[in-house]
Structure formats: C-alpha cells, structure tokens
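Quick notes on the structure that follows.
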Amino acid sequence: MLELLFKLLEITVIIALLIPIAAMLVWVERRMIGIWQDRLGPNRVGPFGILQSLADLLKILGKEDWIPPFSDRLVFTIAPVIGAVCVLMSFAVIPFSPSIGVSDLNIGLLFFLAMASLSVYSVVLAGWASNSKYALLGSMRAAAQTVSYEVFMGLSVMGVVLLTGSFNLREIVLAQESGWLIQTQFLGFIIFLIAGIAESHRLPFDLPEAETELTAGFHTEYSGLKFALFFLGEYLSVTLISAMSVVLFFGGWLMPEPFASWLPPLVWFILKILIFVMFFILLRTSLPRPRFDQLLSFGWKYMLPLALINLLVTAAFKLGGFYG
Amino acid sequence: MRLLALGDVMIANAVDSIDLTASKDWQQANVISIFDEITTLVPEVKLTPVTAVENIVDDIPSFWLDKSNIYKLMDTLKNNLSKPFDMCFDLSAIDETERQHKADYVGDFTVSYHLRSHQRNQDIRLKVALARHDKNIDSISRIWLNANWYEREVWDMFGINFIGHPYLCRILMPNTWQGHPLLKTHPARATEMAPFTLPPDVQDKEQQALKFDPQAWGMKRQSGVNGEDNDFMFLNLGPNHPSVHGAFRIVLQMDGEEIVDCVPDIGYHHRGAEKMGERQSWHSYIPYTDRIDYLGGVMNNFPYVMAVEKLAGITVPDRAKVIRIMTAEMFRILSHLLFYGTFAQDIGALSPIFYMFIDREKLFGIIEAFTGARMHPSWFRIGGVAQDLPQGWDKLVRDYVDYLPKRLDEYEKMVMQNALLKRRTVDIGAYSSKEALEWGVTGPGLRATGYAWDLRKQRPYGGYDQFDFEVPLGHKGDCYDRCKVRVEEMRQSIRIIEQCLNNMPAGPYKAEHPQTTPPDKARTMQDIDTLIPHFVNVTWGPVIPVGEVSMFVEATKGIMGYHLISDGSTMSYRTRIRTPSFAHLQMLPLISKGQMVADLIATLGSIDYVMADVDR
C-alpha cells in the first residue's frame, strides 16, 4: 500500500515537473532563437524574461474557450487532450536515473512507439473536427508524414534492441555501461533523430502546421487552452524525443568515469537532454521547409533503405560475434 | 547566371569620370517610319497623327484611329509587322467631358493603348475616341492576353464596354459598387457623398456578394466529363493569409494538394490613387506616389516628377540627378532585401528575414539622415529634391557600401546555396521570355527568363546612361532565377551608389525655374517679381502647361510609369499609373496550374508584388 502511494507520488512529481519544463522550453526556444536571429527575444517578464511562459499561460487561461460553430464539438475538444496525454504517457517508461522512473515496463520501447503512433490521432481528429480546409490539409499532411516516419523510427531502434537484447529502456541504459550505443548505431541514431523531428512536427518537418502555406495547419481553428495543449504537446514531444535519443544512444544517465562523479546521474541525464533540445531549436532557425511530396519521397527512398541496411548490418555483426 | 553587358547601349565609363553634362535621355525612333509601315500593311486603317493642340511632350508616336479598326490594327501590329509590337504595355481611358483644351476630334471618352516593341525599342500610343452615348469598343483581349485585366479596369472605372471580352466585371471596386469612379461626374471626396450607412439589409447583400460561387468564376465543381468523379476542393487563400503579402485573394481549385486552376481576386487595397491625382496639386500629389509601391519609397516619386518636369520643361541640375539616382538605388536595395527575406521565409527559412531587416534598418538610417523619413520620404520635388544632402553623408554611404556586399555573401551561403531551398524553387513557377512579354511582365521577372531588358540600359533616363553597371540575367525564368536576379541587382545597385558617391557634382539641388516647387525663395524679400510667383506657387501650386506625357522608370518590381494629362491647371486632369505588379499577378493562373500549394507560395514570394502597387 505504501509502495503504491510512493509510486503515485513519483508520478505526480514527474508530471508536475515535466509540464513546467515544457513551458520553460517555450521561453528557452524564443530566447535562443532571438539570440541566433540577432535580436533579443522575450526579456521583459521577470529576470531575463524567465516568467514569460507564466505570463503567456495566464493570458491563455483568460481567453474565451471558443469552439467554432461549424466544428464537431466533442472531437474538437478531445483531440488536443489525446496529443498531450500520449506524450505524457510515453514519459512513464523513461528511466530518469538509477532510482527514478515510473515504470520498468519490459516492453518499454514498444510502448513508446505505440504512444507515438496514437498521438497522430490527435492531429488527424483535430483537423477533421475543425471542419476547415486549412486544418484538413494540415491533418492530411500530418497523417501521411507520421505514418511514414513511424516506420523508420521503429526500424532504426531495432539495432539497439538487437545489441542490448531488451525492450526495457532501463536495461538498454544499463547495457551501455561499457560504451554508448552511438558508437555502433550511428546510422540508427541519425534516422531516429530525423524521424523524431518529423514526429514532433518541428521545422524542417513542420508541414502539418506550415505557417506560410496553411496559416496554422491542423490547429488553425484552435485558441485558448486547447491551443495551449497542442503547444504543450509539441514541446513535450521535443523533450521526449531528446530523452529517447539520450536513453537509446547516449547512455541515459550514465557518464564515463571521471565525469560521472561530478554530478548526480539525474543531472547528467537532464543536461544531455538539453543539448538535444538546443539542437532542435537551432535546426528551426536554420533550415527551410521541404515540399510535402519531397518529404515523403525522402522518407521512403532514403530513410527506409538506410534503416533496413542498418538493421541488417547490425544483425550480421551480431551473428558474426563482433559485439561479443 | 550570366551577366550581360549590353554593348550597343552601354557607355563604359570608368568609375571616376562621370560627366552628367554629356548625359542624354533616350529618344524614341522616328515617328514617320512607323506610320508609313503601318499604312502600307493595312491601308484601310486610317491613322491620324496627334496634333500640336494635344501637346504630347514625350516622343512616343501617337495616333488616333476609328474604333471600328482597332481589332484589325492590333492584330497587324502584333502578328504581321516585321519586328512586331510584342507587349501590350498599358491600356487605360480618359474621361474628356470636362477638358477645356482639347482638339475637336477628341470625343467624350478616349481609350488609350500603349504598345511596346522590344526588338525596335519603340513604343506606340493609339487613341480611340468614344462618344458618351456609345461607350462600346471591340475587346482586344483575344490578341493581347493581358489586356483582359486592363479592359476590366477600364470598364470598372469608366463604364466603357468591351465587346467580346470573356469576363467583363468589376476588378478593383467591389461587385456591389454603384457607378464608375474615374468618371468626372463621380464624387472624389467623402464630403461630396451622402454619409455612409450600413443598414442590415445592405450588409446582408454585401456579405452575399462575398460568397464564392465556383461556376461564376468559371470553375467546375467536379472532375470528370459529367462530374461523375470526385469533387474538387476550393481553397480560399486570402485576402488575409500570411503568404499573400497584403490583401490579396486567390481562389484555388484543387485536386488533393495539386492546383487545377486558380483565380486571383484583387482590389482589396484599392485607394483611388488615380482619382486623388485629379484633386491634388501637382506638388501635393508627390506623397501619394510614395504609397503606390510602398516598398519603393522615392523610386515612386521618380517617374511622377520626371513627367511633371517634362510637361513644364524643367531641366534638373546634375547634383539633383545624381542624388535621385543614388536614393532610388538605395530603395531598390531596400525593396530587394525585403523580397529576399520574405522569399526565404515563404519557403520556411525563418532567420534570413531578421538579418536582412538589420541591413534595411541601417540603410533606413541613412535615408532618415538624408530625408528625415524612412519608408515614404516623398523627397523628390518638381525640379530636384527637397533638400541638399546633409554634412557627412558620404561617410554614411561609404560605410554602407563597404558593409552590404559582405552580408550578401553570407546570405548567398545561407539562402541561395541551401539545398532544400533549391529543391523548392528550381524549375518551379517557370515561364518563358515569350510568355513574359505576352503577359506584360517587366523588371526582374522578365530578366530572370534571360531577356535583357532594363529600362536604365535600353532607354536611359535621369542620367543613368553615364553609370557603369550590368544587367543580371537568369535563364530558366523559375522562382530561383527570379531571386538570383534580384540578389545580383543589389550588387549592381551598390556599384551605382558607389559611383554616385565618388562623383557627386557640386551645384544646386533644385532647378531654378518658376515652376519648381517650392520655388526658390532666396530673393523673395528683395524682389516683388520673385515674391509674387513664389506666393502663388506655394499657395495654389504651380500651373503646369497643357500637355500629355508618359514617363517610365525601372522601378523595384518592374517598369512603373505615370501618364499625366495637364489641362493647364494646378491639378492633373488625368493621372494614370502603370504599375508592374498589376501585370505580374495577372499571369498567376498560367504559372500555378499543376503546382502544389507549397509551390504556389514559393511562386507568390518570387513574383515580389506589393498589393498597393497592384490596386493603386
């Protein structure tokens, strides 16, 4: 009974930390983009503008909760919730440190992939329920993009599974004590990262919302708190993809010896995640957006064969006993 | 990208030896020869050259003809003439009913056609008189495809009916508008009209008129012969959309994400600039010109003041000429930088626009030091410019001339060499030189197809013949080339500015002529004969002699021109503004068919239009 209470407390604490972190990310991103674009970014609310997200949140809370009369009310309301919940659920299987982590699910990796697949419903339903052409185009793009890139994402991590012999994320991290998997799974990592960007709809893969083309894509009709949920979902999924990259390829909370004793494992884990998040932000400031058909053909013509080759070579090496 | 120096017109001056006294404005070829040529080809068409009463002071050969012959003559000029006229450059009308000084052969209305032959480097102006009770004339939109919009505009503004026009309806005014604004009988000011009200029934009617009916726009609702296949999707892009750069509406007929057809709908930015010209003094109209191509600043003043000066016979002093060229080229850079940034942004690259805005900011700082204003300085004056350059101007300009090329090199790597951007723009939205001429495309959009036609080279004006610069050309005419040409033009503009900097002549910045505005004040306190004209010219504005003139410049977006008619008054009798963007948008359906939505956005970005320039 006490154990259950502790678990619940742990879950509450993780969620209570994750959401503010995602909100802070909005500020970090705007500040960093500002600096990289030779301007200041939000710097007025609190020291360095750090409370900007709080101010935004308050503003959004004060907005009228408006549902367009032409939309499907129920689905319109549920869609953003699905998105945020799916991403939050994925965090359940992430091992944050040797002792912190909601669940040691032995199919953790599959659970993550399943949740990533489910989150596409959020976008598709949002576009459909909005009953608006821009939203519909956006969600069509999102569906095609997510369905395609999921395939490579799944394939790209199979190399990791082959090498570690486990779907359990904690065991995958522990298997990297002798060396991070990035050494042997570099190609897999690149494919995972690209697919991850596509899953989180970030530039250069932001076609579902492509502001200059579709005004705001699938969330054109959304405002107020529901819009904030989409936003939250996006930043949570940036964090999630970063966390997964760290767990799968960069040893999770592990660090090689001289460094490991400097900081607690949880801090190392968070630092590594932050580096990835920064990479995501930098990417957004530097690249244009491909066209929809170019994006899909890039996926199927280059990513899929590469992911398969990566898997085959890894399997061959494994069979050949190179990895011991 | 190849740079072409046009040998036959280029005077290769060394940078440090500009002699504006040797500068000569370009002159049209002999009027007689074209008259003879036409009359031999079609003897039955009677052309009457204009007479001195009209006092057309530009040198464009101008003829009157009977309206029954217009179609035949146009056909001949385009299809049968050796070195034919290949562009319908402008088409407009004049309400002559209140004109005091007019020849007896001038009717109640005049339809004026302005054609251009690029091979001959010659223009021709054809005028047709129409009577008040018979405002009908044959449409020439079957010969000149781009006459379509021009004829619609004339119908909209004057109520002249073009027989055989495929779709004669309002273009600038809303469909529910009553009357034809450019008629002299139509009120020009709100105070001349009844107070505006919007009762519910009128509001309903207005809103009904905004509803989109594909059939009325000439589109089918379903694919397949009998509509048995799937429904098309109609997407209303604009008038409020992040990528239409202003208030511009395009209705897309789509099959999935592919565009089957599109109809551009303009007029949301119409402010009646031509009508205002008839109510403002020659001088006080200058600020209105700034806001035509609102990114072009003083570039807009340029053709207008040139036209007024031509009418008044004012010669601009050399210093004013060089100042004008320098500031106009600065605005070319300002406009192209904005284009560059927004183009990249339309493709999805978020950062370049911010870097380019910093460059624009620095240049606006210089403009501000010169003129006191930034985007709309209204700085040119009839006879010169408003003020002399400030002390230390050369250091400001020198610093900028040294600064910008380095930044452009960086953007080259960031934008033009980006593989994703190339994939999005190369071979997208391409058109040929022939199509460009057919649709009246001028400026960078024409040069991107590899057609070397830059007014500053072909028909030098305002002293440009003394400057050493090249005309950048593309070869494919696609989005990428249109951007590339503009980037290169910025470098050429810097070259021109540098030459201005090194060769700024001394002397007055405004002509000494009674009609320069404001007139010279120096001796007014000593001399009553100067004081009186000064007083009159400042209070009423100058009286410009009777006459008619068209002047054109190579503006930021293409060739922009003013066609002014003076009836010997303090105000213009008719102000016609020929803008490049109007023509460029008309060809949008041609280039966007078969594109994806994302391609259309890239194409729109690459055309570089300004809605105020389209709707006036």
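Below are the figures for this structure:
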{"quantity": "All helices (runs of 4 or more DSSP H) inside region A:243-324 with 2 or more residues being at pLDDT 85 or above and more than 14 Å from every other protein chain (Cβ to nearest Cβ)", "calculated": "A:265-286, A:304-319"}
{"quantity": "Qualifying residue in region A:40-54 (condition: at positive phi, touching a helix residue (DSSP H, G or I) at 6+ places or on another chain (Cβ under 8 Å) and not in a helix (DSSP H, G or I))", "calculated": "yes"}
{"quantity": "Qualifying residue in region B:149-162 (condition: exposed (fewer than 15 other Cβ atoms within 10 Å of the Cβ) and either at negative phi or of a type in the set (A, V, I, L, M) (or both))", "calculated": "no"}
{"quantity": "Unique residue being among the polar types (S, T, N, Q) and without any contact (Cβ under 8 Å) to a residue 24 or more places away in the chain when the list is A:Gln176, A:Gln183, A:Gln145", "calculated": "A:Gln183"}
{"quantity": "Verdict on B:Ile358 being part of a helix (DSSP H, G or I), over 17 Å from B:Thr425 (Cβ atoms) and within 14 Å of chain A (Cβ to nearest Cβ)", "calculated": "yes"}
{"quantity": "Among residues of region B:431-463, those that are assigned to a loop (DSSP other than H, G, I, E, B) and among the polar types (S, T, N, Q), counted", "calculated": "3"}
{"quantity": "Only one of A:Gly101, A:Gly154, A:Gly165, A:Gly138 that is touching a Pro at 6+ places or on another chain (Cβ under 8 Å), surrounded by fewer than 24 Cβ atoms within 10 Å (Cβ to Cβ) and either away from every other protein chain (no Cβ under 14 Å) or in contact (Cβ under 8 Å) with a residue 60 or more places away in the chain (or both)", "calculated": "A:Gly101"}
{"quantity": "Any hit, region B:399-418, residues being buried (at least 16 other Cβ atoms within 10 Å of the Cβ), modelled with pLDDT under 90, of a type in the set (Lys, Arg) and out of contact with any Ser or Thr (no Cβ under 7 Å at 6 or more places or on another chain)", "calculated": "no"}
{"quantity": "Strands (runs of 3 or more DSSP E) (entirely within region B:514-616) containing at least 3 residues that are away from chain A (no Cβ under 14 Å) and charged (D, E, K, R)", "calculated": "B:572-578"}
{"quantity": "Which numbered condition B:Ile428 misses (of (1) within 14 Å of another protein chain (Cβ to nearest Cβ); (2) assigned to a helix (DSSP H, G or I); (3) modelled with pLDDT under 90)", "calculated": "(2)"}
{"quantity": "From A:Ala243, A:Ala228, residue being crowded, with 22+ Cβ neighbours inside 10 Å, under 25 Å from A:Ala126 (Cβ atoms) and either assigned by TED's automatic domain parsing to the domain that holds A:Glu199 or of a type outside the set (A, V, I, L, M, F, W, C) (or both)", "calculated": "A:Ala243"}
{"quantity": "Positions within region A:11-23 being buried (at least 16 other Cβ atoms within 10 Å of the Cβ) and not β-branched (Val, Ile, Thr), in sequence order", "calculated": "A:Leu18, A:Ala22, A:Ala23"}
{"quantity": "Pair list, Cβ < 8 Å and 6+ apart or interchain, from region B:210-223 residues that are farther than 17 Å from B:Leu168 by Cα and surrounded by fewer than 14 Cβ atoms within 10 Å (Cβ to Cβ) to residues that are at pLDDT 75 or above and among the β-branched types (Val, Ile, Thr)", "calculated": "B:Phe212/B:Val251"}
{"quantity": "Set B:Phe364, B:Phe331, B:Phe339, B:Phe302: member being part of a helix (DSSP H, G or I) and either within 14 Å of chain A (Cβ to nearest Cβ) or without any contact (Cβ under 8 Å) to a residue 40 or more places away in the chain (or both)", "calculated": "B:Phe364"}
{"quantity": "Subset of region A:182-232 [within 14 Å of another protein chain (Cβ to nearest Cβ), more than 23 Å from A:Ser148 (Cα to Cα) and in a helix (DSSP H, G or I)]", "calculated": "A:Thr212"}
{"quantity": "B:Gly507 touching a Ser or Thr at 6+ places or on another chain (Cβ under 8 Å) and assigned to a loop (DSSP other than H, G, I, E, B)", "calculated": "no"}
{"quantity": "Residue within region A:12-27 that is of a type in the set (Gly, Ala, Ser) and assigned to a loop (DSSP other than H, G, I, E, B) present", "calculated": "no"}
{"quantity": "Hits in region A:293-314 - residues which are in contact (Cβ under 8 Å) with a residue 12 or more places away in the chain and not β-branched (Val, Ile, Thr)", "calculated": "A:Leu295, A:Leu296, A:Gly299, A:Trp300, A:Met303, A:Leu304, A:Leu306, A:Ala307, A:Leu308, A:Asn310, A:Leu311"}
{"quantity": "Unmet requirement for B:Thr524, which otherwise passes all of (1) surrounded by 20 or more Cβ atoms within 10 Å (Cβ to Cβ); (2) β-branched (Val, Ile, Thr); (3) without any contact (Cβ under 8 Å) to a residue 12 or more places away in the chain", "calculated": "(1)"}
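The values are calculated or read from the model by the stated rules, or taken from the named source; none is laboratory data. Only a predicted model underlies this, so the values are computations on that prediction, with no experimental measurement involved. With ideal geometry, Cβ positions are generated from the backbone for all residues, glycine too; neighbour counts draw on all protein chains shown.
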